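Colleague: Attaching a single structure in structure tokens format; questions to follow.
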Amino acid sequence: MTSNPDSDSQNASSSQDASKPPIQTIHLPTMEEIQGQDIWNNCAVRSVVSGVMGGGLGLAMGLFLGALDNPLMQDQMTGRQQLIYQAKQMGQRSWSSCKAFAVMGFVFSAAECVVEKARAKHDITNTVVAGCVTGGAISARGGPKATCVGCAGFAAFSVVIEKFLERHT
Amino acid sequence: MAAGNAPSAHEREQIIGMMEKEMEYRVDMFNKLTHTCFSKCVENKYKEAELNMGENSCIDRCVSKYWQVTNLVGQLLGNSRPPM
């Protein structure tokens, strides 16, 4: 179905050419094409990919923030020791941040996918519920009040990010 | 086909006519199904070219229900011959 408007516009623009491209018949997608597109509808695949992307983002952020840390005993260490300390700091920081962001991405994507599949609608409500679940899961250790605050905060944050992404895509 | 091995010309015409009618019926049903599920499930704003997951599962459910309704109505029409 998507091939028809292309061929029509080609026909209109090249009507002055000597050779017109033939009109293409309706092309129903084959099973491989459907399966290839369907892999992106699978909740597990989506959440794993989001988790990996979140992990990558966490790595980068952790590296960057870890590089900003200055060692405490700057006078007593040689240059090489400072470098080693700096590298360890950056590595620790980036690994812990990578894990946190990977979990965040995984939970958010899984929650959004499940909710959207159940509702069969593409709304902002999916983002709100997924953000609340993620925020609540992250701050679940602080008790019920911290869970509520984390839920509301992360839901608001994800709504803002979603609106920003919608406008700029 | 109670006649011999090869159907006669008349029977062949009948079979071809039935196949044409069947083909028209199927094409009509496909068009109606596509139109109904598209207008029901896909939002008018067209923010992106790909189908969302929500739209995808909506279309799955729409097609499934439409097919069940078609079968059910066909059975009801087939079972009760005299009009009610």
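The values are calculated or read from the model by the stated rules, or taken from the named source; none is laboratory data. Owing to the predicted nature of the structure, the values given are computational and were not obtained by experimental measurement. Virtual Cβ from ideal backbone geometry, glycine too; neighbours counted across all protein chains shown. Remember, those area values only see protein heavy atoms, side chains included, never the ligands or the DNA or RNA. Shrake-Rupley method; radii C 1.70, N 1.55, O 1.52, S 1.80 Å.
Colleague: FRET efficiency for A:His168 and A:His27, Cβ-Cβ distance as r, R0 = 35 Å, nearest 0.05?
Modeller: Once rounded, the FRET efficiency stands at 0.60.
Colleague: How large is the accessible surface per residue of the protein assembly as shown, computed with a 1.4 Å probe and reported in Å² as a whole number?
Modeller: On a per-residue basis, the protein assembly as shown sits at 75 Å².
Colleague: Related question: Excluding B:Asn56 itself, calculate the net charge of residues whose Cβ lies under 11 Å from the Cβ of B:Asn56, where each Lys or Arg counts +1 and each Asp or Glu counts -1.
Modeller: My count for the surroundings of B:Asn56 gives -3.
Colleague: Can you tell me the FRET efficiency between B:Lys45 and B:Gln75 if r is taken as the Cβ-Cβ distance and R0 is 45 Å, rounded to the nearest 0.05?
Modeller: With a Förster radius of 45 Å, E is 0.70.
Colleague: In region B:26-78, if every C-alpha pair distance is counted and binned at 5 Å from zero, what percent goes to each bin?
Modeller: Cα pair-distance distribution for region B:26-78, in percent: 4, 19, 24, 23, 14, 9, 4, 3, 1.
Colleague: At a 4.7 angstrom Cβ threshold, list every cysteine in the protein assembly as shown that has nobody to pair with, or say none.
Modeller: A:Cys98, A:Cys148 - these cysteines have no disulfide-compatible partner (Cβ-Cβ under 4.7 Å) in the protein assembly as shown.
Colleague: For region A:105-147, what is one quarter of the convex hull surface built on the Cα atoms, given in nm²?
Modeller: Answer in nm², one decimal: 3.0.
Colleague: Could you calculate the contour length gain from A:Val149 to A:Val49, that is, 0.36 nm times the residue separation minus the distance between their Cα atoms, to one decimal place in nm? Don't skip to the answer; put the middle values down first.
Modeller: Values: separation 100, 0.36 × 100 = 36.00 nm, distance 2.77 nm.
Once the chain is fully extended between A:Val149 and A:Val49, it gains 33.2 nm.
Colleague: Send over the per residue convex hull volume for the protein assembly as shown, Cα only, as a whole number of Å³. Show your work: numbers first, answer last.
Modeller: On the way: hull volume 81.9 nm³, N = 253.
In the protein assembly as shown, the Cα hull volume divided by residue count equals 324 Å³.
Colleague: Considering only B:Glu22, B:Glu13, B:Glu43, give the residue with the highest GNM mean-square fluctuation for chain B, with springs between Cα atoms whenever their separation is below 10 Å.
Modeller: Of B:Glu22, B:Glu13, B:Glu43, the Gaussian network model singles out B:Glu13 as fluctuating most.
Colleague: Sticking with this structure for a sec: When chain B is modelled as a GNM with alpha-carbon springs shorter than 10 Å, which of B:Lys45, B:Lys32, B:Lys65 fluctuates the most?
Modeller: B:Lys45
Colleague: By per-residue mean of other Cβ atoms within 10 Å, what is the highest-first order of A:53-59, A:136-142?
Modeller: On the way: A:53-59: 18.4, A:136-142: 15.0.
The most tightly packed comes first, giving A:53-59, A:136-142.
Colleague: Relative to the Cα centre, what is the charge dipole magnitude of region A:59-169, using +1 at the beta carbon of each Lys and Arg, -1 at the beta carbon of each Asp and Glu, and rounding to the nearest 20 debye?
Modeller: On the way: 11 positive and 7 negative charges, 38 e Å.
I would put it at about 180 debye.
Colleague: Pop out the carbon and sulfur fraction of the accessible area of region A:79-169 as a percent, whole number, probe 1.4 Å.
Modeller: Roughly 68 percent of what the probe reaches on region A:79-169 is carbon or sulfur.
Colleague: Turning to a different aspect of this structure: Excluding residues on the same chain fewer than 8 positions from B:Lys40, give the lysines whose Cα lies under 26 Å from its Cα.
Modeller: A:Lys117, A:Lys121, A:Lys163, B:Lys32, B:Lys65
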